[in-house]
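Worksheet for the structure shown next.
Just so you know, all these numbers are worked out from the coordinates, no wet-lab data involved. Quantities reported herein were computed from a predicted structural model and do not represent experimental measurements. In this analysis, Cβ positions are derived from the backbone assuming ideal geometry, glycine residues included, and neighbour counts consider all displayed protein chains.
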Amino acid sequence: MQSQLRARLLAVFLLLSWAVSISHAGELRIEKTFTQADGVASDTVLAIFEDSHGTMWFGTTEGVTRYDGTHFHTFTTADGLAADIVGLIFEERQGLLWFGTGVTFLKANMITGQGVSRYDGQTFHVFTPADGLGGKTVSDIFEDNTGTFWFATNGVSRYDGATFNTLMMDGPTGMNVLPEWWDDVRAIAQDAAGNFWFGSDAGLSHYNVQTAQHRYFAVDTAFAPFEVMGHQETGHLTDLQFDANGNLWISQEQGLCRYDGKALVRFPRSEVLPMNRVVRILQDSRGTLWFTGVHQELIMHETETDVSAELRVTGTGVSIYNGETFENFSTGAGLPHPHVRSVFEGKDGKLWFATDAGVALGVYVP
């Protein structure tokens, strides 16, 4: 009898837990989708941005498209753009727009850029290594409170409006020769103290702007500062984002983790976080975090005479974290494609999704 009572109580508890979970689940409502048929340069959309005038910009694999709410207009290399693949859009305080390839993965390969483009509303100006930029690919841009620009590239290039000065990752103490991938910086974030965090293929670097000193972190289970870098890449970092509580979120080609200044917490792939390669992070005006990425799986093919491997990559929609739980939305919620490249929140609070089947516009109701 007691065992039956315990079983019934457990069933009721699980049912109530499930009901509470469902009652707090949010809803994603997709209102509209824009595709190449509407005027977007390509259905493979990589980045979305709204400028200070309220104009939308869509970075695609075939150029960047401007949308004023009525008309679409696409710019390509024929107009002066550095490259037709645009995965990064940034607006500086003076209102000028910058375009780069960003962290762009197409067919499981990262695309190399051709520099970064600045647009003044009339013409494009392209900056390349010949101008002092550290590399051809710019994965992230940050403007500090002095008006200095920081470009994540081969190292971190600082631009004062006239000249570039590239800050190379000098590596842990005692290491004279660094592998090339150590300087492949993909993400920049600034903490509350004004210091910078740089994410690269090798790991994470903390840069103190007052002392110009680095501290290096291997993004592993210990996440401890280290003096001698290992022989293998430990990072493969793709994006960095501080949340409202000051936690640093780190997306990687191998997953997602959070650092609170003391300990590292990993979030494994699950039913509500189905991606194991997280590429982009957005924090919306509510403080909710949005993650985009894919699920990649190495499939082995073996015959009597040969063994081969296939990297299978599938889209997983978009995942959010509200401070307590994860939720995942895909085509069942109205997204036009399961591969979501990035998320952008407009000034009106609506959400824009860059997907492999165009641009989706919608709202999230907690």
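Within a straight-line Cα-Cα reach of under 15 Å, LYS347 can be paired with the following aspartates and glutamates, leaving aside sequence neighbours fewer than 8 residues apart in one chain: GLU50, ASP51, ASP68, GLU91, ASP284.
Calculate, in nm to one decimal, what ASN245 and ASP51 gain on full extension: separation in residues at 0.36 nm each, minus their alpha carbon distance. Can you show the working numbers first?
Details: separation 194, 0.36 × 194 = 69.84 nm, distance 2.71 nm.
So the extension gain works out to 67.1 nm.
One Cα centroid belongs to segment 347-366, the other to segment 120-155; the line between them spans 28 Å. Averaging 1/r across all pairs of distinct Cα atoms in segment 30-142 and inverting the result yields a Kirkwood radius of 14.2 Å. Between ALA192 and HIS71, the FRET efficiency estimated from the beta carbon spacing at R0 = 51 angstrom works out to 0.75.
For segment 194-352, the residue among VAL318, GLY293, LEU248 whose Cα projects farthest onto the positive side of the dipole built from Cβ charges is LEU248.
Assign unit charges at the C-beta atoms only (+1 for Lys and Arg, -1 for Asp and Glu), then state the dipole size of segment 30-142 relative to its Cα centre in Debye, rounded to the nearest 20.
Values: 6 positive and 14 negative charges, 57 e Å.
Computed charge dipole of segment 30-142: roughly 280 debye.
Place a point 7 Å from the Cα of ALA37 along the Cα-to-Cβ direction; which residues of segment 307-342 have their backbone N under 15 Å from it? Output list for this probe position: 336-337.
Positive end of the dipole of segment 30-142 (Cβ unit charges, origin at the Cα centre): among GLY121, GLY87, GLY39, the Cα lying farthest that way belongs to GLY87. Here each label is just a point 7 Å from Cα along the line to Cβ, and for LEU106 and GLU304 those points are 4.2 nm apart. In segment 223-366, the inverse of the mean reciprocal separation of distinct Cα atoms equals 16.6 Å; this is its Kirkwood hydrodynamic radius.
Within the shell of other residues whose beta carbon sits under 10 angstrom from the beta carbon of ASP140, the net charge comes to 0, with Lys and Arg scored +1 and Asp and Glu -1.
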